[in-house]
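The block underneath contains the structure these notes are about, expressed in structure tokens.
The values are calculated or read from the model by the stated rules, or taken from the named source; none is laboratory data. Predicted, not measured: the structure shown is a model, and the values here were computed from it. Glycine gets a Cβ as well: all are built from the backbone with ideal geometry, and neighbour counts include every protein chain shown. Just so you know, the surface numbers come from the protein's heavy atoms only, side chains and all, with ligands and any DNA or RNA stripped out. Shrake-Rupley method; radii C 1.70, N 1.55, O 1.52, S 1.80 Å.
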Amino acid sequence: MNLTKDILAKIDELRLKYPNATSVGFGKKIKDGEDTGEFAIRVAVKEKKPLSELKESEVIESEVTVDNSSIKTDIVEGEKFITTADCTGNLSYGGCGWFDAQPAPNNQANRQFQQSVRGGLSMTSSNMQFTTGTMGGVVTTESGCIVGLTNNHVSIQDAFFTSNRSTTGTIQNDYNPVNKVYQGQENYPNSPNFTSVTQVGVSLRYVPIHAASTGLVNQVDGAIFSISQDRFDANLAWQQIGLESLNAYAPQFATTNEIDNLLATNPRVYSSGRTTGPKGLMPDCPMVIIETGVAAQISYNMQIPPNTPPGPGGVNWAPYEVLCNFNDCIKYAKPGQDQPNFQGILAPPNFNGCYNPVYSGDSGSMLLADINGTIKIIGLVFAGQVGCYTQSGAPVFWSGLACRIDQVANQLGIEAYQLTGQLVDPETIEYKTVDGQSDQKTIVCLDANNKAHTYWQSGFTNSLEDNCN
């Protein structure tokens, strides 16, 4: 059974009907820790309780009707998802899926300065100087420009639509001053003045986010940035750090049909992130898709004053957290080496997989899959689901969440990397202003010759200089 529009609609219906659910997605029904092979809609809650302790409105039906057919539900336990940009400095050590503040064998190459940028490298920006994420890789815009791809919460300080923001709050944008993107400077909290040698380019565009209070749902956490000529090698840029052995050519985007069928085809899955390094290689680190069409609630930061560092556990940013709804996402996890194809992975306390398929700092990683012998990009990693905590209070993740690459491509205006593209000259970037707040991702302005140009929303400003009108 593949993911359909009717199943997606039912998932959204259940998300609204059970607001306390931490996620709802299309997966396999699990019984006594075993994958039954039966497709189901999985509803995750923080804690499963006896029916006698539930209100009538909290009781989740055992099956639902989709397009005149019945699909069973599976009630599972799971904490909420959180975005995975790293601002905490948590410590641990190990191989596949583990992390360390200092470069370790599994992530050393991902955290080092690389003259020629590639997918899986650490990155940050001047507007996000207190966090570190991952450069997913290179892609091509609809106009034929080669750019870098990551999450908006990795490179953009406030990615909400300006219509969601308060005009009396922080006035934040991506062009005054210009938001510069950096790679290769892991000690950023102690070195606030970024050096020019680490700069990759500048922020270009992002998909703005809707707050849950608007009633609108998001599918994409994505942003692109320019790459300077001295940091670009056309024959290396498409590679993923630590996954070079997978293919000898730039991977293409998976088709919508291929993504819809991920749960049924159960391909090998791969990703390379700043914190946990490369994952998915056999036999040590298998990864699988466990749900598709996932709907989840995730908090994002809105209107944090510039240069505000996070406190312990990010407490200084807590007042700026705003709940957002996402849907049609991909959930993936790590099965044990003895069952590398097992898709029935459950959250603690019934956890039956391996921890950390993703970790803080891996946000922006590309998610790849072996589809009929061809490596393709299927998603953009942006969140993880916490399963437990270490004795020192560090979170441990049991599953990861990715935006579908077809949604990212459509909403961000990108295509898979093409060798024939051109790099973006930051000096050619133009900015326009409009009066008031906006819920429009793009606007069209006319130049002096009455030629139309499309501009992307990039935040608030106090000026109407270069007014679109």
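Taking every residue in region 168-196 that is farther than 17 Å from Tyr206 by Cα and pairing it with any residue that is open to solvent by 60 Å² or more (accessible area, probe 1.4 Å) and at pLDDT below 90, at least 6 positions away or on another chain, the pairs with Cβ-Cβ distances below 6 Å are Ile171/Asn462; Gly184/Phe113.
Total residues in region 326-369 satisfying the condition of being more than 18 Å from Arg274 (Cβ to Cβ) and not basic (Lys, Arg): the figure is 27.
Just to be sure, is Phe130 touching a Pro at 6+ places or on another chain (Cβ under 7 Å) and either buried (at least 19 other Cβ atoms within 10 Å of the Cβ) or in contact (Cβ under 8 Å) with a residue 24 or more places away in the chain (or both)? Considered against the rule, which asks whether it is touching a Pro at 6+ places or on another chain (Cβ under 7 Å) and either buried (at least 19 other Cβ atoms within 10 Å of the Cβ) or in contact (Cβ under 8 Å) with a residue 24 or more places away in the chain (or both), Phe130 comes out as yes.
Among the residues of region 421-455, those that are among the polar types (S, T, N, Q), closer than 30 Å to Pro251 by Cβ and within 27 Å of the chain's Cα centre (by Cα) comprise Gln422, Thr442, Thr454.
Please specify each residue of region 218-236 satisfying the condition of being aliphatic (A, V, I, L, M) and crowded, with 23+ Cβ neighbours inside 10 Å. Listed by number, the residues that qualify are Val220, Ala223, Ile224, Ile227. If you go through region 1-40 and pick out every residue that is of a type in the set (Gly, Ala, Ser), over 22 Å from the mean Cα position of the chain (by Cα) and under 11 Å from Ala296 (Cα atoms), you end up with 0.
Summed over region 237-269, residues that are crowded, with 18+ Cβ neighbours inside 10 Å, of a type outside the set (A, V, I, L, M) and touching a helix residue (DSSP H, G or I) at 6+ places or on another chain (Cβ under 7 Å) total 2. Summed over region 270-302, residues that are open to solvent by 10 Å² or more (accessible area, probe 1.4 Å) and among the aliphatic types (A, V, I, L, M) total 3.
Tallying residues that are open to solvent by less than 30 Å² (accessible area, probe 1.4 Å) and of a type in the set (S, T, N, Q) within region 339-364 yields 4.
So, restricting to strands (runs of 3 or more DSSP E) that lie completely within region 386-447, which ones have at least 1 residues that are loosely packed, with under 14 Cβ neighbours inside 10 Å?
Fully inside region 386-447 and qualifying: 442-446.
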